[in-house]
Amino acid sequence: MSTAMSLDNLKSIASADVRGKRVLVRADLNVPMAGSEVSDATRIERFIPTVRDLASRGAKVVILSHLGRPKGKHEPKYSLRPVAAKLASSMPGTTVVFGEDCIGPQAEAAVAQLQPGQVAFLENLRFHEEEEKNEPGFVAALAKLGDIYVNDGFSVSHRAHASTEGVARLLPAYAGPSMMAEVNALKAALDRPERPVAAVIGGSKISTKIDVLVNLVKKMDYLIVGGGMANTFLHAKGIGVGKSLCEPGLTETVGAILSQAAESGCRIVLPSDAVVATEFKVHAATQTVPVSNVPEDAMILDAGPRSVEEFTRCLEQCKTVLWNGPIGAFETEPFGEGTFKLAREAARLTEEGKLSTIAGGGDTVAALNAAGVTDKFTYVSTAGGAFLEWLEGRTLPGVAVLARP
C-alpha cells in the first residue's frame, strides 16, 4: 500500500461520535525534564486542544504516552506523573486522574471512574518491554481500556509499537487533529505540491540523508543543498573544499543523485560562495570567498551572501518549499547568517502569500527559532525521525494503519 493511497483514506476523529465513549489517545508527551519538573511544556500545550475538544464532546479521554528510554523497566525518573500534573494544571476545571500503570488493574480502575468530559493519564508505556515489541497480549490489554483509538502523535508513528500500530488494528481507529495537520502539510509539500516546488536540504552529512535526497530529486523542481553536505557535492564536481567537512567516499552516490536529478528535471542548486575560517569557534576570523577559491587550510562554515541571494531567487520562483536542515553551522556565531537570512526571506514570501513553507527536523526548528520566523512559516513539524522517514518516501506504520480501507 503506497503512502499516497493510504493518506486518502485517513479518517479524522472530528467525524466520529465520541460521546460517552472511552477514547484512547496516543500522544507524544516525551517532554524535556529537569529532575521531576517539566522544563519545556511545548508538546503538552500543543496537545491540550485535542484533549479539550474530545472532552467537550463528552468523551472519556484516556491518554497514552512514553517518556525517555526506561527499557522495559519501571524507573521512577521516567514516570509520567509530573507530565500529567502539568497537563492538569494547564486545564483548570477538567478532572485529570493518573493511572499508576498503563495496563492491568490500576489502569482499568483509573479509566473505570471516568465520567464524560474527564481525563485519565496513564503511566509510561515503555515501562513494559512489550510496548516496543508490539506484543499481542500487551496490545489486547491496552485495547481493553478503550472503545475508540486516536493517534495524535505523528512523531512516534514511524515505529510499529503496540500503542501506535497494534491497538489501531483492534479498535475503530482515527487520526487526531495534530496528526491530520502534519499529514496534510506533508502531503501538500511532497505528494500534491503547488508547483514549482523546492526543497532546502542542509545539515552536516549526506550519509544521513541519502534516501531523502534520492526521493526528493524525483519530486522537486529545485533542490537547494547547503550545510556540510554541499561540500561533498562540490568535491564530487572537482572543487576543492579545503579542510571542510566532506565525505569523499560518497562521490559515486552524489554522481548518481546528480544523474537522477537531470533525468527528473530537478535543478540542484549549490552554494557559489562561502564564509570560511581556519578555526571553528565563536567569533572566529572569517572571509567570504567563491567556492572555487577555498583556501587549503580553511573550512566552509556558512553559505555566502551571493549564495543566499541565488537561493532566494529560486524560492521567489516557487509556490511551495520544503525545508530540512540548516545551510551553515548556525549554532556558532557568526556562521548562522546564511541560514537566518534565507529563513527570513522564506518567511517574507510566506507572509506575502507567495509561498507555502513546510519545515521540520530538530536542527531546522532550532534554526528557525533562532531566526525568529517559526510562527511565520506555513507549517513547522517538531517530528524528528518520522519527518525524515516521510521525506525518504517510507510508509509510516502508525499512519498507514489508520488509513486501512
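The values are calculated or read from the model by the stated rules, or taken from the named source; none is laboratory data. Predicted model, so just to flag it, every value in this text is computed and none were measured. Cβ: placed from backbone, ideal geometry, glycine included. Neighbour counts: every protein chain shown.
Within region 248-262, how many residues are over 23 Å from Leu315 (Cβ atoms) and crowded, with 20+ Cβ neighbours inside 10 Å? Within region 248-262, residues that are over 23 Å from Leu315 (Cβ atoms) and crowded, with 20+ Cβ neighbours inside 10 Å number 2. Got at least one residue in region 114-125 being without any contact (Cβ under 8 Å) to a residue 24 or more places away in the chain and out of contact with any Lys or Arg (no Cβ under 8 Å at 6 or more places or on another chain)? No, that holds for no residue. Here region 15-56 is the region considered, the condition is being within 17 Å of Asp147 (Cβ to Cβ) and small (Gly, Ala, Ser), and the residue that is surrounded by the most Cβ atoms within 10 Å (Cβ to Cβ) is Ala55. Scanning region 286-298 for any residue that is small (Gly, Ala, Ser) and out of contact with any Lys or Arg (no Cβ under 8 Å at 6 or more places or on another chain) turns up at least one such residue.
Entry remark, region 86-96: residues being touching a strand residue (DSSP E or B) at 6+ places or on another chain (Cβ under 8 Å) and among the small types (Gly, Ala, Ser) number 1 in total. Taken over region 230-249, the criterion of being closer than 22 Å to Glu279 by Cβ, of a type in the set (A, V, I, L, M, F, W, C) and free of Cβ contacts under 8 Å to residues at least 24 places away in the same chain is satisfied by Cys246 alone.
Would region 256-268 turn up any residue that is part of a helix (DSSP H, G or I) and on the phi > 0 side of the Ramachandran plot? No, because not a single residue in region 256-268 is part of a helix (DSSP H, G or I) and on the phi > 0 side of the Ramachandran plot. Residue-level check: of (1) more than 11 Å from the chain's Cα centre (by Cα); (2) closer than 16 Å to Ala199 by Cβ; (3) modelled with pLDDT of 95 or more, Gly393 misses just (3).
What are the residues in region 281-307 that are in a loop (DSSP other than H, G, I, E, B) and over 23 Å from Ala236 (Cβ atoms), if any? Within region 281-307, Lys281, Val282, His283, Ala284, Ala285, Thr286 meet the criteria. Checked against (1) at pLDDT 95 or above; (2) over 22 Å from the mean Cα position of the chain (by Cα); (3) polar (S, T, N, Q), Ser15 passes all but a single condition, namely (1). Counting the residues of region 136-153 that are assigned to a strand (DSSP E or B) and either surrounded by fewer than 24 Cβ atoms within 10 Å (Cβ to Cβ) or touching a Gly at 6+ places or on another chain (Cβ under 8 Å) (or both) gives 3. Among the residues of region 186-210, those that are over 18 Å from Pro326 (Cα atoms) and touching a residue at least 40 places away in the same chain (Cβ under 8 Å) comprise Leu186, Lys187, Ala188, Ala189, Leu190, Asp191, Pro193, Glu194, Arg195, Pro196, Val197. Looking at this structure, is Phe335 touching a helix residue (DSSP H, G or I) at 6+ places or on another chain (Cβ under 6 Å), within 30 Å of Ser244 (Cβ to Cβ), aromatic (Phe, Trp, Tyr) and modelled with pLDDT of 95 or more? Against the criterion (touching a helix residue (DSSP H, G or I) at 6+ places or on another chain (Cβ under 6 Å), within 30 Å of Ser244 (Cβ to Cβ), aromatic (Phe, Trp, Tyr) and modelled with pLDDT of 95 or more), Phe335 does not qualify. Taken residue by residue, region 72-86 has no member that is buried (at least 16 other Cβ atoms within 10 Å of the Cβ), in contact with a Phe, Trp or Tyr (Cβ under 7 Å, 6 or more places away or on another chain) and within 20 Å of Gly20 (Cα to Cα). One residue alone among Val167, Val214, Val183, Val156 is surrounded by 17 or more Cβ atoms within 10 Å (Cβ to Cβ), touching a residue at least 24 places away in the same chain (Cβ under 8 Å), over 30 Å from Phe280 (Cα atoms) and more than 16 Å from the chain's Cα centre (by Cα), and that residue is Val167. Among the residues making up region 214-228, those that are among the aliphatic types (A, V, I, L, M) and either at pLDDT 95 or above or on the phi > 0 side of the Ramachandran plot (or both) are Leu216, Val217, Met220, Leu223, Ile224, Val225. Here Gly226, Gly265 are screened, and the one residue that is surrounded by fewer than 18 Cβ atoms within 10 Å (Cβ to Cβ) and out of contact with any Lys or Arg (no Cβ under 8 Å at 6 or more places or on another chain) is Gly265.
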